[in-house]
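Following: one structure in structure tokens, then a few remarks.
The values are calculated or read from the model by the stated rules, or taken from the named source; none is laboratory data. Just so it is clear, the structure is predicted and the values come from calculations on it, not from any experiment. When we count neighbours, we look across all protein chains shown, and the Cβ atoms used for this are built from the backbone with ideal geometry, even at glycine.
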Amino acid sequence: MQNSLTNRRNFLKKMAAAAAMTAAASMFPGIIFASEQDANLPKGGNLDWKKGPCRFCGVGCGILVGVDQGKAVAVKGDPNCEVNKGLLCVKGYHQIMCTQAKDRLTHALVKKNGRYVQTPLNEALDIVANKMKETIEKHGKDSVAMYTSGQSTIPEGYVASKLMKGAIGTNNLDCNARLCMASAVAGFLTTFGADEPMGCYEDIEYADYFITWGNNMAEMHPVLFSRMLEQKNRRGAKIIDFATRTTRSSTASNKSILFEPQTDLAVANAICYEIINNGWVNKSFVENHVNFSKGLTNMGYGVEDKYKFNDKPTKIDYEAYKKFLEDYTPEKVAKYSKVSVKDIKYLAAIYGDPNKKVVSYWCMGMNQHTRGTWMNNLVYNIHLLTGKISQPGNGPFSLTGQPSACGTAREVGTFTHKLPKGVVMNEKHRRLAAKIWKVPYENIPAKPTYHATEMFRAVDRGDIKFIWTQVTNPLVSLPKTSRYRPGMQKDSCFVVVSDVFPTPTSDVADVILPASWHIEKSGLYGNSERRTQHWDKMVEGPGETTPDAWMTIEIAKRMGYGDLFPYSEENHVEEIYKEYTQFHEGSKHGMAPLEVLKKESGVIWPYVEGKSTQWRFNAKYDPACSNDKDFHFYGKPDGKAVIWQRPYEPAAESPDAEYPFWLNTGRVIEHWHTGSMTRRIPVLHKAMPEAYVEFHPDDAKKLGVRNGEKIKVSSRRGSCILPASINERGLPTRGQVFVPFFDENMLINDVTLDAFCPISKEPDYKKCAVKVEKA
Amino acid sequence: MPIKSYLAHPEEGQKEALIAALSKIDHCEVIPSENKDLLIVVTDTENKTDDEKVKESIETIESLKLLAMVSGFNTPKNN
């Protein structure tokens, strides 16, 4: 006995050393290769390795979690996963350490007389259900709301949608993917009539050029970026970084091109102008597979409450589109984009060369944009004009930020306008949902209600009187938290927060529900490349922690909807997934059965007759193509994609005499979103302990600002004090400052503006006007 | 019975001095790192009080610039 205990102690000591060795080796560039991970593992351990997806970003790396005597003690990249082939980034490698945080929420907390009182979970769930019922009885079903997440699992999103839309009968359900992916969704739907990228990560193996649009992949999608770097080194593939700030991605790329914020709209049009002007259009592709349309312009920016906008598409012809582009010659655009004529022509020539394969990648730079839908349309225009789409190594590819923004938010449909298949506005889609959910068709309202920003405005106005947030931290991540924090604190709204750790959002809750973390429950995610990933529960969670899906089911039962939620606690994930997949039956979105997902490290949909479809809309790869042509954009009734005429329009707020700097916000490699998990991982927290404000050295010199000096960043909404950072992680252009948003002690979203894209309703976190002064 | 691992960042040019100083501390093991700028330190103590004492001793070393904890395990007594 003593011998085995000593062995165990030695083993743990080796594990501790191994973790430190790996951390040391991975300080830069943030990638840990499979061979290093294995070399650092102690010999003689008897770990049980369990497969699953990483908890963090939308790349969807496969992980293996080493479990020893019921505890998760190690993580390594899954070498059998096609996404990461054994690689992991620093966040992924250290993820399980957050579960050891001392302030873990282990029991329900109910606010009584201004203090949180530990309460048995059953009692807390009774309080939540009674409050929800009572609010509906008193103020109507549209007085209650749920705000969920692109980090919710597929079953969690599904039962939330079923409860709100099917059982209660309100569309007051939206999610934080509205803040990161809505423009991509609107872009896909307007251009192709079908959401999500047509290609897959295997494009990386074939592309000659990777053009990244406002996307710092080296920090935000490091595993994919390292796969691109491998292709750059091995076969000379080229990476072109097109951005407003010099980052780690820029320095690792073959060429970095900087543009003035918001002018990406004009540059994309200039690229199309050049493609047409030089005769680089793929004429047969355009003739066979493309229509041309224009929409409304001067739409506004949604900064006022209850803003409404509906686009009105009008068909145009090729000649009209060509005429429109005359305003976007490289010479004209160079004047305000600050991109040289030479660089615009260089980009156009890459896309225009019929012998070069090109993948465009983007994420928040294009999506968090007051013209985000337009920007997505414009990049599709480039690929459609040249016919570089839906083929290995050729295609536009919108990356997601969250692990199940695609799988849950977009596919299950946890947006106000969505259903698991289609949208609430469509009668056929409502009838299908009602049939599968076994609810009267009339239960599901035909009109969307509140998108994320408007939902929190409604809380502030007192229109929403009950809100339940799951797996998200809106009081750090929403824009203009300077309005929404006091709004959530008002007595007019009862706030329920389900989470794993305390956050600034749980600080304003009336009831806090203790959620299971990732590996403490079974679940399914869906990543950026349409890959559905399943995992089984690996370890027990502490105290009364419970999966969010099960807490939603318990609330539904308490509200009298038990017959609609007949799932068992032990097996609810499987039961829900089987029910959910009925929505997607068929060759356009068929999903792999659970038994396949259990064996594989993720499976791409459409999954047809035992095979994944890697490139949609291409008849060579996609069995859903049925028009007897080489491509079939079957999301649109006539099978054709749309090239949209979308102009350049200025940002909602631009620098002026009083607020002379652009403010750009974003992320860093060490931290996941609002930092509620990664700031509890010691090595990540120590590596990046606090936020900062980045200056261009010329601006810093002009203002007499030194590195580390406290700076007050203020806008018309609020202010935030942070240390200055000059020539450290990133380098903004002159006249711009950059601040990461992970730090709850330095809330930069008190400063940002809640302007959004009128079509997608996604806010713009990349552009507002600020002033900076020494604090 | 806490076991912890740290990354120890030396002051510029003082890596050898840091190794020497760390080596003198009981319950503290120094391991060279592939990353030449850093040292890996593993502490193995009997209880929380001893653990804190060891950490305090490490943090007083002048050649140490930054000590960053990577992982911590707490094993039952006699393990």
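So B:Glu59 ticks every box in (1) modelled with pLDDT of 90 or more; (2) within 21 Å of A:Ile681 (Cα to Cα); (3) away from chain A (no Cβ under 11 Å) but one. Which box is left unticked?
(1)
Which residue out of A:Gly300, A:Gly295 is at positive phi and at pLDDT 95 or above?
None of the other options fit; the residue is A:Gly300.
Only one of A:Gly560, A:Gly523, A:Gly543 is small (Gly, Ala, Ser), surrounded by 24 or more Cβ atoms within 10 Å (Cβ to Cβ) and either assigned by TED's automatic domain parsing to the domain that holds A:Glu411 or under 26 Å from the mean Cα position of the chain (by Cα) (or both); which?
It is A:Gly523.
How do the pairs read when you match residues in the stretch A:530-551 that are assigned to a strand (DSSP E or B) with residues anywhere that are polar (S, T, N, Q), using Cβ under 8 Å and keeping only pairs 6 or more apart or on different chains?
The qualifying pairs are A:Gln533/A:Asn527; A:Gln533/A:Ser601; A:His534/A:Ser522; A:Trp535/A:Ser522; A:Thr546/A:Ser516.
Can you find a residue in the stretch A:726-736 that is of a type in the set (Ser, Thr, Tyr) and touching a His at 6+ places or on another chain (Cβ under 9 Å)?
yes
For the stretch B:40-59, check the following and say yes or no: at least one residue is assigned to a loop (DSSP other than H, G, I, E, B) and among the hydrophobic types (A, V, I, L, M, F, W, C).
No, the conditions are met nowhere in the stretch B:40-59.
Can you run down the residue pairs with Cβ atoms below 6 Å, 6 or more apart or on separate chains, where the first is in the stretch A:236-251 and free of Cβ contacts under 8 Å to residues at least 40 places away in the same chain and assigned by TED's automatic domain parsing to the domain that holds A:Met366 and the partner is in a strand (DSSP E or B) and among the polar types (S, T, N, Q)?
Listed by first residue and then by second, the contacts come to A:Asp241/A:Thr212; A:Asp241/A:Ser256; A:Ser250/A:Ser256.
Quick one: in the stretch B:19-56, of everything that is away from every other protein chain (no Cβ under 14 Å) and of a type in the set (A, V, I, L, M, F, W, C), which residue is farthest from A:Ile681 (Cα to Cα)?
Checked the stretch B:19-56; the qualifying residue farthest from A:Ile681 (Cα to Cα) is B:Ala20.
Give me the residue from the stretch A:255-281 that is assigned to a loop (DSSP other than H, G, I, E, B) and more than 25 Å from the chain's Cα centre (by Cα) and, out of that set, surrounded by the fewest Cβ atoms within 10 Å (Cβ to Cβ).
Step by step, filter the stretch A:255-281, then rank; the result is A:Gly279.
Please list, ordered by residue number, the strands (runs of 3 or more DSSP E) wholly in the stretch A:54-168 having 3 or more residues that are out of contact with any Gly (no Cβ under 9 Å at 6 or more places or on another chain). Break it down stepwise before answering.
Values: elements: A:62-68, A:71-77, A:108-112, A:115-119, A:144-148.
Counting at least 3 such residues, we get A:108-112, A:115-119, A:144-148.
Out of contact with any Gly (no Cβ under 6 Å at 6 or more places or on another chain), crowded, with 21+ Cβ neighbours inside 10 Å, closer than 30 Å to A:Thr373 by Cα and aliphatic (A, V, I, L, M) - does that describe any residue in the stretch A:713-727?
There is at least one residue in the stretch A:713-727 that is out of contact with any Gly (no Cβ under 6 Å at 6 or more places or on another chain), crowded, with 21+ Cβ neighbours inside 10 Å, closer than 30 Å to A:Thr373 by Cα and aliphatic (A, V, I, L, M).
Checking A:Ile467 against (1) part of a strand (DSSP E or B); (2) farther than 30 Å from A:Tyr273 by Cβ; (3) within 16 Å of the chain's Cα centre (by Cα), which single condition isn't satisfied?
(3)
Within the set of pairs 6+ apart or on separate chains, which have a first residue in the stretch A:91-119 that is farther than 30 Å from B:Ile3 by Cα, a second that is of a type in the set (Gly, Ala, Ser), and C-beta atoms under 6 Å apart?
From residues that are farther than 30 Å from B:Ile3 by Cα, the pairs are A:Ala108/A:Ala124; A:Val110/A:Ala124; A:Thr119/A:Ala108.
Pairs needed: first member in the stretch A:317-339, on the phi > 0 side of the Ramachandran plot; second member anywhere, at pLDDT below 95; C-beta distance under 7 Å; at least 6 residues apart or different chains.
Once the first residue is on the phi > 0 side of the Ramachandran plot and sits in the stretch A:317-339, no partner that is at pLDDT below 95 comes close enough.
When you scan the stretch B:1-18, how many residues do you find that are of a type in the set (A, V, I, L, M) and more than 7 Å from chain A (Cβ to nearest Cβ)? Explain how you work it out, then say what you get.
So in the stretch B:1-18, the residues of a type in the set (A, V, I, L, M) come out as B:1, B:3, B:7-8, B:17-18.
Narrowing the set further to residues that are more than 7 Å from chain A (Cβ to nearest Cβ) leaves B:1, B:8, B:17-18.
Count: 4.
Go through (1) part of a helix (DSSP H, G or I); (2) hydrophobic (A, V, I, L, M, F, W, C); (3) more than 26 Å from the chain's Cα centre (by Cα) one by one and return the number of the condition A:Val573 breaks.
Only one criterion is unmet by A:Val573, namely (3).
Please go through the stretch B:6-29 and pick out each residue that is of a type in the set (S, T, N, Q) and either on the phi > 0 side of the Ramachandran plot or in a loop (DSSP other than H, G, I, E, B) (or both).
First, the residues of the stretch B:6-29 that are of a type in the set (S, T, N, Q): B:14, B:23.
Correct list: B:Gln14 only.
So, in the stretch A:667-687, of the ones that are within 11 Å of chain B (Cβ to nearest Cβ) and of a type in the set (A, V, I, L, M, F, W, C), which residue ends up farthest from A:Asp499 (Cα to Cα)?
Applying the filter and picking the extreme gives A:Ala687.
Anything in the stretch A:576-622 that is assigned to a loop (DSSP other than H, G, I, E, B), among the hydrophobic types (A, V, I, L, M, F, W, C) and under 23 Å from A:Asp536 (Cβ atoms)? List them, or say none.
Matches in the stretch A:576-622: A:Met591, A:Ala592, A:Trp605.
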